[in-house]
Amino acid sequence: MAEKKIGEVILDVKNISLSFGGVKALTDISFNVREHEIRAIIGPNGAGKSSMLNCINGVYQPQQGEITFRGQHFKHMNSRQVAEMGVARTFQNLALFKGMSVLDNIMTGRNLHMKSNLFLQALRWGPAEREETAQREKVERIIDFLEIQAYRKTPVGRLPYGLQKRVDLGRALAMEPQVLLLDEPMAGMNVEEKQDMCRFILDVNDEFGTTIVLIEHDMGVVMDISDRVVVLDYGKKIGDGAPDEVRQNEDVIRAYLGTSH
Amino acid sequence: MGFFLETLIGGLMAGMLYSLIALGFVLIYKASGVFNFAQGAMVLFAALAMARFAEWIPQWTGVQSPLLANLAAFVLAMLVMIVVAWSIEKLALSRLVNQEGVTLLMATLGITYFLDGLGQTLFGNDIYKIDVGMPKDPVIVAESLFQGGILVSKEDLYAALIAAALVILLALFFQKTATGRALRAVADDHQAAQSIGIPLSTIWIIVWSVAGFVALVAGIIWGSKLGVQFSLSLVALKALPVVILGGLTSVPGAIIGGLIIGVGEKLSEIYIGPMLGGGIEIWFAYVLALAFLLFRPQGLFGEKIIDRV
C-alpha cells in the first residue's frame, strides 16, 4: 500500500462495557483510532462488533467506560450529536429511505450542511432555494464517485442489494464526515461487488482523508485494506495490531478456527 | 339527466370534505409512520378554538369587523395547534422513538381522549357556530341545458376549492422542499434519519403542526356547515374508509378516495336506496372499505407491502 499520513488519535474508546440484562455484549473494551487510518473491528458472529459501533454512534449507551472524540470526553454519545461532530455511519441491514429516489436519499445526508433552517426551507425562501442548488452539486459529485449516475431517479427499494449498499455509503459520504463507521459494508455481496466496495473504501480514505472504522467478519477482505485491526470474541478484545500481527495471534486463530479439547 | 348530475356534483363536494379530513391522517402517517387516531379530536379542538376566539376577540379588543376578528381567530387557533403539536412531541412522541407502530397508535388513542376533554374544558361544551362568511345560498347552473338547471351549493363549492388548493400546497411541500424530504426520510427510518443528523423532534413538531393546520381548515369548513360541537370529532370516522380506499400512504389517494365515497354514498342512496328501504348513505362507505380490505388491502394508491422472506 502507498505511503499514508496517519495522524494523531482521533477517537479513543476506554474500558467500555455494555450488557443487555444478564447478557454481556462487551466487556472492558479499549482501543483507539488514528486520523486518516482504516481501522477494522473483526470477530466471529456475535462477538459484539456491531454493539461496539452502536456505542460509538450513540445508538447504545454503555454502562461503563468513556469515549473520547477529538479531545472531548463522553460517558455516552447521542446519535444526532455524533452526526453533528462529523461521524457518519452505514448500516448492516440497510436502513435507506426506501420510498425515496437515490438522489433524495443522498441529499438527506446534506441536511446538516444546510444553513437555512427547516422552517425557511419549507417555504423555499430565496436563500434556501440557492442553497439547495449548491448542495445538489456536491451530491452529484458523490453520485459520480460511486458510479451510480444511471440510478439517480430510481427509488432505492428497487435497486439490487449491492447498489443499495453503495447508496448507503453515498448518503454517509454526503455528510462529509471526518470519521466513517461502516457496519459490514460487504456482507451478502458477491466477489465482484466486494471488490468494488473495497475500491470505494480505499478511494474515500485516499481522496478525502476520511478516517474509516469498519466491521467485517470476512478476514480476507479486512486484512487487505485495513491499517490496524481489533479482534473481538464473546465481547472481549483478544487482539489488536497490524493485520500481520493479528494473523499470528494464537487467541485469534483459536477464535476463528476453534481448538481441540 | 339533470337530476343525476346534481346528485353527482353534490356527492363530489361532500367527498372533497371527507378528503380534507383523510388528508390529516395520510400526512401524519406518511411523515412519521404513525396512524394518528387523534385527527378527529384535533379537528374538534381546532374548530372550538376558532369558534371561541372569533367570539372573544371582539369582546377583548372591541374590533368590529368580522373579517378582522376571523383572521385574528384563525392565526390564534393556528398558534394553539402549534402548541398542541409541540406538547404532543415533548410529552408523548419523544419518549417513543423507534417503537412499534402499534405502540404509537395507542399513544394517539390516549391523545384523542385527552384533546377531546381539554378542548371542552378550555372552550366550553355548547354548540358554537363559525361564520367565516361562506355564502349559504345555492346557485343554479346550466339552466339552458336542462330543464330547471342544476342546483349547486355555493358553500360546498368554496369548500371544494379550498380543499383542492390545500392539497396542491401540501404536495409541493412534500415533494419539492428540503424539509419535505427530511420528513419523508424520518417516516422511512427513524434510526437512519438520526444517524445523518436530522432532528427528529423538530420534524415531528412540523408534521403535527401541518396536521393541525389541515385539522383547522377542515374544522372551519365542517364547523360552519354543521356547527361546532362534540360530534364534529366523529366526522373523522367517516374519513377512515376514505383512507382505506385511497391508501394510507397516498395524498392523491385521500382525495380520490374521498370523492369516490362521496359520490358513491349519494348515488347509491338515490338509485339503490328505494329498493333496500333507504339508509344506505350511513353504511355505504364502510361496506366499500370492507370490500377493499378483502381484495386490495393497500388501497387504490397505497404502496404494496412486500416482505423479503
request  = Would you mind ranking A:198, A:55 by Cβ crowding within 10 Å, fewest neighbours first?
outcome  = A:198, A:55
key: Nitroxide proxy distance, nm - points 7 Å out along Cα→Cβ at residue A:14 and residue A:192   = 4.9 nm
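Evaluated at 20 °C with a viscosity of 1.002 mPa s, what Stokes-Einstein diffusion coefficient in µm²/s does segment A:40-175 have when Rh comes from the Kirkwood expression over alpha-carbon pairs? Please report the intermediate quantities before stating the final value.
On the way: Rh = 16.7 Å.
Diffusion coefficient, whole number: 129 µm²/s.
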ask   = Two-decimal Rg/Rh of chain A from alpha-carbon positions, Kirkwood Rh?
value = 0.99
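Among the listed pairs A:153/A:194; A:14/A:49; A:98/A:165; A:98/B:30; A:49/A:236, which have their C-alpha atoms separated by more than 20 angstrom in this model? It would help to have the intermediate numbers written out before the result.
Values: A:153/A:194 24 Å; A:14/A:49 15 Å; A:98/A:165 12 Å; A:98/B:30 13 Å; A:49/A:236 10 Å.
Violating the 20 Å Cα-Cα cut-off are A:153/A:194.
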key: Residues A:59, B:84, sorted so that the one with the fewest Cβ neighbours within 10 Å comes first   = A:59, B:84
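Ignore the peptide's own chain and count Cβ atoms of other chains within 10 Å of each Cβ in B:173-186; give me the average, rounded. Write out the running numbers ahead of the final one.
Numbers: counts 3, 0, 1, 2, 9, 17, 11, 4, 12, 7, 2, 6, 11, 2.
Counting other chains' Cβ atoms within 10 Å and averaging over B:173-186 gives 6.
Counting other beta carbons within 10 Å of each Cβ, put B:263, B:141, B:287 in order, fewest first.
Working: B:263 19, B:141 16, B:287 13.
So the residues, fewest neighbours to most, are B:287, B:141, B:263.
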remark   = Calc'd 3J(HN,Hα), segment B:169-178, phi into Karplus 6.51 cos²θ - 1.76 cosθ + 1.60 (θ = phi - 60°), Hz, glycine/Pro = x, comes to 4, 5, 4, 4, 4, 6, 8, 10, 10, 5
note = With N residues in the protein assembly as shown, Rg(alpha-carbon) / (2.2 N^0.38 Å) equals 1.17
Within 10 Å of each Cβ in A:84-92, the average number of Cβ atoms from other chains = 2
request  = First measure r as the distance between the Cβ atoms of residue A:30 and residue A:202, then evaluate 1/(1 + (r/R0)^6) with R0 = 22 Å and state the FRET efficiency to the nearest 0.05.
outcome  = 0.20
ask   = Around residue A:65, which amide H atoms from residues at least 5 apart in sequence, or from another chain, sit under 5 Å from its own amide H, with H modelled in the peptide plane?
value = A:17
ask   = What's the average, rounded to a whole number, of partner chain beta-carbon atoms within 10 Å of each residue's beta-carbon in B:2-14?
value = 0
remark   = Taking a crude spin-label model, label points 7 Å out from Cα along the C-beta direction, the residue A:85 to residue B:169 distance in nm is 4.2 nm
task = Starting from the Kirkwood radius over alpha-carbon pairs of segment A:166-217, derive D by Stokes-Einstein at 20 °C in a medium of 1.002 mPa s and give it in µm² s⁻¹.
result = 191 µm²/s
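If r is the Cβ-Cβ distance from residue B:230 to residue B:60 and R0 is 30 Å, what FRET efficiency results, to the nearest 0.05?
On the way: r = 26 Å, r/R0 = 0.86.
It comes out at approximately 0.70.
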request  = Working from Cα positions, state the angle (0 to 90°, nearest 10) between the long axis of helix A:126-145 and the longest principal axis of chain A.
outcome  = 50 degrees
task = Starting at the first residue of segment A:182-196, write each ³J(HN,Hα) from the Karplus equation 6.51 cos²θ - 1.76 cosθ + 1.60 with θ = phi - 60°, in whole Hz, x for Gly and Pro.
result = 10, 9, 6, x, 10, 4, x, 9, 7, 4, 5, 5, 4, 5, 4
Taking N as its residue count, the alpha carbon Rg of segment B:152-309 over 2.2 N^0.38 Å = 1.22
inquiry  = Ignoring solvent entirely, what values of log10 I(q)/I(0) come out of the Debye formula for segment B:12-78 at 0.13, 0.15 Å⁻¹ when each Cα is a single scatterer?
reply    = -0.50, -0.62
In nm, spacing of pseudo-spin labels at residue A:133 and residue A:249 (7 Å Cα→C-beta vector) = 5.3 nm
inquiry  = Rg/Rh for segment B:2-295 to two decimals, with Rh computed the Kirkwood way over all alpha-carbon pairs.
reply    = 0.99
key: Interchain or long-range residues, amide H under 5 Å from residue B:227's placed H   = B:130
task = Per DSSP H run of n ≥ 4, the term is -39500 (n - 2.57); total these for the protein assembly as shown, divide by its residue number, and report the mean residue ellipticity at 222 nm rounded to 500 deg cm²/dmol.
result = -18500 deg cm²/dmol
request  = Enumerate the residues in segment B:196-212 having an amide nitrogen under 19 Å from the point lying 7 Å beyond the Cα of residue A:70 toward its Cβ.
outcome  = B:196-199
inquiry  = Looking at chain B as a GNM with Cα springs under 10 Å, which of B:145, B:71, B:216 has the largest mean-square fluctuation?
reply    = B:145
Length added when fully stretched, residue A:6-residue A:61, from 0.36 nm per residue minus Cα-Cα = 16.9 nm
query = Going 7 Å from the Cα of residue A:234 toward and past its Cβ, which residues in segment A:29-44 have a backbone nitrogen under 16 Å from where you end up?
reply = A:29, A:43-44
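Based on the Cβ-Cβ distance from residue A:153 to residue B:94, what FRET efficiency comes out when R0 is 41 Å, to the nearest 0.05?
Values: r = 35 Å, r/R0 = 0.84.
E(calc), rounded to 0.05, equals 0.75.
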ask   = Counting only residues 5 or more places away or on other chains, whose amide H sits under 5 Å from the amide H of residue A:240 once H atoms are built in the peptide plane?
value = A:231
key: chain B: most fluctuating residue of B:274, B:252, B:58 per GNM, C-alpha cutoff 10 Å   = B:274
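Would you tally the net charge around residue A:41, using a Cβ to Cβ cut-off of less than 15 Å, leaving residue A:41 out, and scoring K and R as +1, D and E as -1? Don't skip to the end; give the middle numbers.
Working: positive: A:34, A:39, A:49, A:89, A:228, A:236, A:237; negative: A:12, A:37, A:183, A:184, A:216, A:218, A:227, A:233, A:240.
Spelling it out: positives minus negatives among the neighbours equals -2.
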message = Would you calculate the convex hull of the Cα atoms in segment B:1-123 and tell me its volume per residue in Å³?
response = 141 Å³
key: In Hz, Karplus ³J(HN,Hα) per residue of segment A:154-167 (6.51, -1.76, 1.60; θ = phi - 60°; x = Gly, Pro)   = 6, x, 4, x, 8, 7, x, 3, x, 6, 4, 4, 5, 5
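We did not get these values from a lab; they are worked out from the coordinates using the rules stated. Bear in mind that the values here come from a model prediction, so they are computed numbers and not experimental data. In this analysis, Cβ positions are derived from the backbone assuming ideal geometry, glycine residues included, and neighbour counts consider all displayed protein chains.
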